[in-house]
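A short worksheet on the structure shown next.
The values are calculated or read from the model by the stated rules, or taken from the named source; none is laboratory data. Keep in mind that what you see is a predicted model, and the values were worked out from it rather than measured. Positions of Cβ are backbone-derived with ideal geometry, glycine not excepted, and every protein chain shown enters the neighbour counts. In case anyone asks, the SASA skips ligands and DNA or RNA and just uses the protein heavy atoms, side chains included. Shrake-Rupley method; radii C 1.70, N 1.55, O 1.52, S 1.80 Å.
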Amino acid sequence: MKPLSIVAALGTALLLTAAGAPARADYPDKPIEMIVAFAPGGGTDVAARSIARYMEKYLGPGARIGVVNKPGAGGEIGWTSVAQGKADGYTIGFINAPAINALVVEGKTKFKMSDFQPVANLVYDPGVLVVPKNSPYSSLKDLVDAAKKASGAVVIGTSGASGSSEHIALLNFQRLADTKFTPAFFGGTAPVRQAVLGGHVPAATMNLSEALQIAREGTIKVIGVMSAERSSYLPDAPTFREGGYDVVVGASRGIAAPKGIPADVIAKLEKAIDQALKDPEYLDAAKKAEIPLQYLASSDFKTFLDRASTDLQATWKATPWK
């Protein structure tokens with residue numbers, strides 16, 4: 001057989017093989033499992049269930065996303081399920097920074113941050129530092145000066161536990177201010193709000209969304225917002241950076257997948273989330289609920305997570321929280 005005939009024969013054989021092979025189905029061709037590492041009804045669960053149906057809309061006809069709650073161990077159980085899931089795009093989940101980064105820094109998880117492929121961030125709820133309306137402290141400097149006069153004497157309540165975003169924010173603040181505060185863990189938003197409103201603690205940290213109502217009522221003063229820029233929800237409140245402290249900390253809620261997920265699948269998920277977050281119906285509902293949306297595409301979300309880990313490692317070295 002002549003060389004050209006051989007080439008032609010091989011080409012024909014390849015075409016026949018391709019024709020006989022089943023075509024790769026377009027993603028997604030079966031239900032996607034979206035894991036939430038917290039119980040039903042919480043902020044992350046609500047965010048997951050609200051975005052899931054809009055993602056279905058933009059992923060295409062027949063797309064189905066099932067939200068599965070796997071609470072426990074401060075999120076570790078659910079996040080482990082995401083990290084150890086099959087990297088085919090049918091296992092995704094919400095991850096919450098810096099809480100997830102804190103668990104990794106503590107060295108007690110079965111996963112590393114590199115075990116996740118960031119897909120997109122949806123929500124960023126910055127931390128705030130608040131004081132009662134009649135507080136003698138009207139700025140971050142006032143609070144720092146008081147703490148330096150008597151190290152550890154200034155108690156600051158947190159709505160989370162040790163290692164939570166609020167606690168991490170406090171540790172970052174005291175590291176940068178070169179002073180020491182005493183944290184008081186209240187384990188929930190309602191009790192820490194009552195504590196600061198009742199004057200039982202001189203100051204408290206919580207997320208912006210948790211402070212909006214009482215700040216607008218004038219029963220507390222927000223003396224610092226932990227975001228890069230002032231919040232449109234509370235434009236009169238200064239940022240920590242304005243006060244001289246580069247503290248940018250908040251509760252992030254984003255979607256990630258197991259490491260190794262195909263690039264085309266990431267692109268489809270990322271595009272669907274982007275379109276969902278631009279959907280007028282979704283935006284209207286989020287605005288009414290005052291959900292602090294902050295979209296970050298895959299690469300930007302990874303940069304955000306990397307910075308959170310770097311900051312936490314520095315804080316852990318200076319003041320371990322466990």
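Note on segment 32-72: among residues that are open to solvent by 30 Å² or more (accessible area, probe 1.4 Å) and assigned to a helix (DSSP H, G or I), the one that is nearest to Gln275 (Cα to Cα) is Tyr58.
State yes or no: is Ile223 surrounded by 15 or more Cβ atoms within 10 Å (Cβ to Cβ), over 18 Å from the mean Cα position of the chain (by Cα), among the hydrophobic types (A, V, I, L, M, F, W, C) and assigned to a strand (DSSP E or B)? So Ile223 fits the description; yes. Going by the conditions given, is Thr239 polar (S, T, N, Q) and either closer than 19 Å to Asp125 by Cβ or exposed (fewer than 14 other Cβ atoms within 10 Å of the Cβ) (or both)? So Thr239 fits the description; yes.
A quick yes/no check of all residues on (1) aliphatic (A, V, I, L, M); (2) under 21 Å from Asp142 (Cα atoms); (3) at pLDDT 90 or above; (4) not assigned by TED's automatic domain parsing to the domain that holds Val144:
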{"position": "Gln174", "(1), (2), (3), (4)": "no, yes, yes, no"}
{"position": "Pro183", "(1), (2), (3), (4)": "no, yes, yes, no"}
{"position": "Thr239", "(1), (2), (3), (4)": "no, yes, yes, yes"}
{"position": "Asp246", "(1), (2), (3), (4)": "no, yes, yes, yes"}
{"position": "Gly260", "(1), (2), (3), (4)": "no, no, yes, yes"}
{"position": "Val265", "(1), (2), (3), (4)": "yes, no, yes, yes"}
{"position": "Asp274", "(1), (2), (3), (4)": "no, no, yes, yes"}
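Residue pairs whose Cβ atoms lie under 7 Å apart, separated by 6 or more positions or on different chains, with the first residue in segment 177-190 and touching a residue at least 12 places away in the same chain (Cβ under 8 Å) and part of a strand (DSSP E or B) and the second surrounded by fewer than 17 Cβ atoms within 10 Å (Cβ to Cβ) and among the small types (Gly, Ala, Ser), are Thr182/Gly152; Phe185/Ala161; Phe185/Ser162.
If you filter segment 92-125 down to residues that are assigned to a helix (DSSP H, G or I) and of a type in the set (S, T, N, Q), you find that the one that is nearest to the chain's Cα centre (by Cα) is Asn101. Only a single item in (1) open to solvent by 10 Å² or more (accessible area, probe 1.4 Å); (2) farther than 29 Å from Ala73 by Cα; (3) in a strand (DSSP E or B) is not met by Tyr233, and it is number (3). Within the span defined as segment 134-147, every residue fails to be open to solvent by 20 Å² or more (accessible area, probe 1.4 Å) and touching a Ser or Thr at 6+ places or on another chain (Cβ under 6 Å). When you check Leu234 against the structure, is it under 23 Å from Asn96 (Cβ atoms) and outside the structural domain of Gln294 (by TED's automatic domain parsing), yes or no? So Leu234 fits the description; yes.
In the set Lys271, Lys317, only one residue is open to solvent by 60 Å² or more (accessible area, probe 1.4 Å), within 16 Å of Ile168 (Cα to Cα) and of a type outside the set (S, T, N, Q); that residue is Lys317.
Based on this model, can you work out whether Thr179 counts as farther than 22 Å from Ile261 by Cα, at pLDDT below 95, of a type in the set (Val, Ile, Thr) and in contact with a strand residue (DSSP E or B) (Cβ under 8 Å, 6 or more places away or on another chain)? Criteria not met by Thr179. The test for being touching a residue at least 40 places away in the same chain (Cβ under 8 Å) and small (Gly, Ala, Ser) does not hold for Ala263.
Condition check ((1) farther than 21 Å from Met206 by Cβ; (2) aliphatic (A, V, I, L, M); (3) surrounded by 14 or more Cβ atoms within 10 Å (Cβ to Cβ)) across all residues:
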| residue | (1), (2), (3) |
| --- | --- |
| Ala256 | yes, yes, yes |
| Asp279 | yes, no, yes |
| Lys287 | yes, no, no |
| Ser299 | yes, no, no |
| Trp321 | no, no, yes |
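Does Ile168 count as closer than 30 Å to Asp29 by Cβ and surrounded by 17 or more Cβ atoms within 10 Å (Cβ to Cβ)? Judged against the criteria, Ile168 is not a match. Of the listed requirements (1) modelled with pLDDT of 95 or more; (2) open to solvent by 20 Å² or more (accessible area, probe 1.4 Å); (3) assigned by TED's automatic domain parsing to the domain that holds Ala272; (4) not in a strand (DSSP E or B), Gly89 misses just one: (2).
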